[in-house]
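Asks: One structure, pasted below without further comment.
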Amino acid sequence: MAQPSTAVIGSTGLVGSYILSTLLSQNLPVTTISRRAPKATGPTLNPIIEPNTDLWATSLTSLSPPPKTVFSALGTTRAAAGGIANQWKIDHDLNVALARAAKESGVKTFVFVSSGGTRGLFSNWAPYSKMKIGVEDTIKELGFDNAVVLRPGFILGEREERRFSGEEQARGAARAVGRWFGLGLQDRFAQEGEVIARAAVKAVEMIDKGEAKERFWVLEQGDIVRLGREEWKKEEGGNPSTRPLLIGPPSGPSPPYPYRMSGPVIPGFGRGSKDLGIPTANLPVNTPLTPWISSISSGVYFGWASLLLPPTHPNYSPAPNAVWSVFPMVMSIGYNPFYKNDTRSAEVHVLHKFDQDFYGVETRLLIMGYIRDERDYKGVEELVEDIMFDCEVARRSLERPGWRVKELGGEFEGGWLVRTHDEEVDKEGQKASL
């Protein structure tokens, strides 16, 4: 028996594209209605390209047999629409028309990606909130067998066009909160587009199993995280929290660690800050200077980084009696299979919030241990979650006295990190004369 089909509206947007790719990865038959072709493709996809949005409701009612479920992640911005009146036509009027067309066609379940906070005491009067509230109320009044309304917070992810000035900075700040204070705090106000999409798909799966909480089911931000990340991870068996939070014995690293690496910070792929909100510093992989690097496994490592920042840099904070600033770090050495790199790279994430770039700054790395293998991911949200867990592993492991360098009050000899060039030459000369 053929599987019932699903329709996705808004499949070229951030959340809608994730909903589409998630459904296609499950080999489910999907019809999309959009002004341009969606990026995701697959043998079960039936794309309907219709530049005139006035005809979308008709396109939906013409589907035979009708889809069992319709997802709408349709939305635009005032700037992109050319004013609040035109935005209302898309965010409110078109969504209402599609919901009514779906009900008329016999669609059983309607899923709408709305917005968090629209019904707050001080926000429900705003035009944007009124649009979302109007759509939600219409869906409820239509009386679908089941309806799901998702109310996410600030949506994280790379969009094809900015929705407001400073969006990249806001996205980076939100991810920085998760990186430094834990995902739990970030989850209270911002969610990855992929998590929102998975929560929508998961809710429909639960409806099909008779596990829906109620016929008109509203998913607030906490519910979205629970369904889209926690429940999803349980089924995939990929929960990073099952990994250990401490690496190595309390006494400190064992041979062959630590490894040393140094060089100026060079431009990288430009993805750490832009895509992930996790800025990285790239160092040249120089095999003659670091012969060990060709033989060690690709993966994620951790240790200490010292930066020769100029005194004018806003984050200049040298270690006592030194000119080098020392910070904990995590780093990847390898090909980064998620991004399909064709050259081996060394990308370092220094565990400190910097107010300014430091390209060209001389950097030394003391690599204390190995965290995990490099791996591929189904989406950027999984990658970010793993990196954040890596950061937590590094912090906790390096807090122990046996792993903390003496220059920062620990017991481990990390003098190489802060020695001047002349001191380093003298040190090597003393070793050679022994």
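Asks: What are the trypsin sites (Lys or Arg not before Pro) within the range 344-424 that DSSP puts in a loop, where the Cβ has at most 12 other Cβ atoms within 10 Å?
Replies: Numbers: sites: Arg344, Lys353, Arg364, Arg372, Arg375, Lys378, Arg395, Arg396, Arg404, Lys406, Arg419; in loops: Arg344, Lys353, Arg375, Lys378, Arg404, Arg419.
Counting only loop positions with at most 12 other Cβ atoms within 10 Å, the trypsin sites (Lys or Arg not before Pro) in the range 344-424 are Lys353.
Asks: Mind listing the phi-derived Karplus ³J(HN,Hα) values for the range 387-396, rounded to whole Hz, using 6.51, -1.76 and 1.60 with θ = phi - 60°, and x for any glycine or proline?
Replies: In residue order, the calculated couplings are 5, 5, 5, 4, 4, 5, 4, 4, 4, 5 Hz.
Asks: Place a +1 charge on the Cβ of each Lys and Arg in the range 1-142 and a -1 charge on the Cβ of each Asp and Glu, then give the dipole magnitude about the Cα centre in debye, rounded to the nearest 20.
Replies: Working: 13 positive and 8 negative charges, 38 e Å.
So the magnitude is around 180 debye.
Asks: Stretched out fully, how many nm does the piece from Thr44 to Glu230 gain, at 0.36 nm a residue minus the Cα gap?
Replies: Contour length minus Cα-Cα distance gives 64.2 nm.
Asks: If I take R0 = 35 Å and measure r between the Cβ atoms of Asp145 and Glu374 in this structure, what FRET efficiency does the formula 1/(1 + (r/R0)^6) give, to the nearest 0.05?
Replies: 0.20
Asks: Starting from the Cα of Phe154, move 7 Å in the Cα-to-Cβ direction to define the label point; list residues of the range 195-210 whose amide nitrogen is under 18 Å from there.
Replies: In the range 195-210, the label zone of Phe154 (backbone N under 18 Å from the point 7 Å along Cα→Cβ) covers 195-196.
Asks: Also, quick follow-up: Using Cβ counts within 10 Å as a stand-in for footprinting exposure, how do Tyr128, Tyr18 rank, fewest first?
Replies: So the residues, fewest neighbours to most, are Tyr128, Tyr18.
Asks: Also, quick follow-up: What's the FRET efficiency of Asp137 with Ala80 using the Cβ-Cβ distance as r and R₀ = 25 Å, to the nearest 0.05?
Replies: 0.50
Asks: Report the net charge of residues surrounding Leu308, where surrounding means a beta-carbon distance below 10 angstrom and charges are Lys +1, Arg +1, Asp -1, Glu -1.
Replies: 0
Asks: Going down the table (Lys108/Lys213; Lys68/Lys130; Lys132/Lys209; Lys103/Lys202; Lys130/Lys213; Lys89/Lys130), which pairs top 20 Å between alpha carbons? Intermediate values should be presented prior to the final figure.
Replies: Numbers: Lys108/Lys213 16 Å; Lys68/Lys130 28 Å; Lys132/Lys209 28 Å; Lys103/Lys202 22 Å; Lys130/Lys213 26 Å; Lys89/Lys130 13 Å.
From Lys108/Lys213; Lys68/Lys130; Lys132/Lys209; Lys103/Lys202; Lys130/Lys213; Lys89/Lys130, over 20 Å: Lys68/Lys130; Lys132/Lys209; Lys103/Lys202; Lys130/Lys213.
Asks: For the residue pair Gln26 and Asn52, what label-to-label distance in nm results when each label sits 7 Å from Cα along the Cα-to-beta-carbon direction?
Replies: Rounded to a tenth, the inter-label distance reads 3.5 nm.
Asks: Provide the net charge surrounding Gly143, with neighbours chosen by a C-beta distance below 9 Å and charges set as Lys +1, Arg +1, Asp -1, Glu -1. Can you show the working numbers first?
Replies: On the way: positive: Lys103, Lys140, Arg215; negative: Glu141, Asp145.
The answer is +1.
Asks: Which order do Asp386, Asp223 fall in if you start with the one that has the fewest other Cβ atoms within 10 Å?
Replies: Working: Asp386 19, Asp223 16.
Taking fewest neighbouring Cβ atoms as first place, the list is Asp223, Asp386.
Asks: Rounded to the nearest 0.05, what FRET efficiency do Tyr359 and Ser254 have when you use their Cβ-Cβ distance and R0 = 41 Å?
Replies: Values: r = 35 Å, r/R0 = 0.84.
Given R0 = 41 Å and the Cβ-Cβ separation, E is 0.75.
Asks: A further question on this structure: Quick one: if you stick a label point 7 Å off each Cα along the C-beta vector at Ile293 and Glu211, how many nm between them?
Replies: 4.7
Asks: Could I have the simple spin-label model distance between Arg35 and Ser317, label points 7 Å from Cα toward Cβ, reported in nm to one decimal?
Replies: Calculated label separation equals 4.7 nm.
Asks: By counting other Cβ atoms within 10 Å of each Cβ, how are Leu185, Leu63 ranked from fewest to most?
Replies: Starting with the residue having the fewest Cβ neighbours, the order is Leu185, Leu63.
Asks: Sticking with this structure for a sec: Compute, for the range 6-237, the length of the dipole vector about the Cα centre, with Cβ point charges of +1 (Lys, Arg) and -1 (Asp, Glu) only. Units Debye, rounded to 20. Show your work: numbers first, answer last.
Replies: On the way: 30 positive and 27 negative charges, 58 e Å.
Dipole about the Cα centre, nearest 20: 280 debye.
No lab work stands behind these numbers, since they all come straight from the coordinates. Computed from a predicted model, the values in this text were never measured in an experiment. FYI the Cβ positions are ideal-geometry reconstructions off the backbone, even for glycines, and counts take in every protein chain you see.
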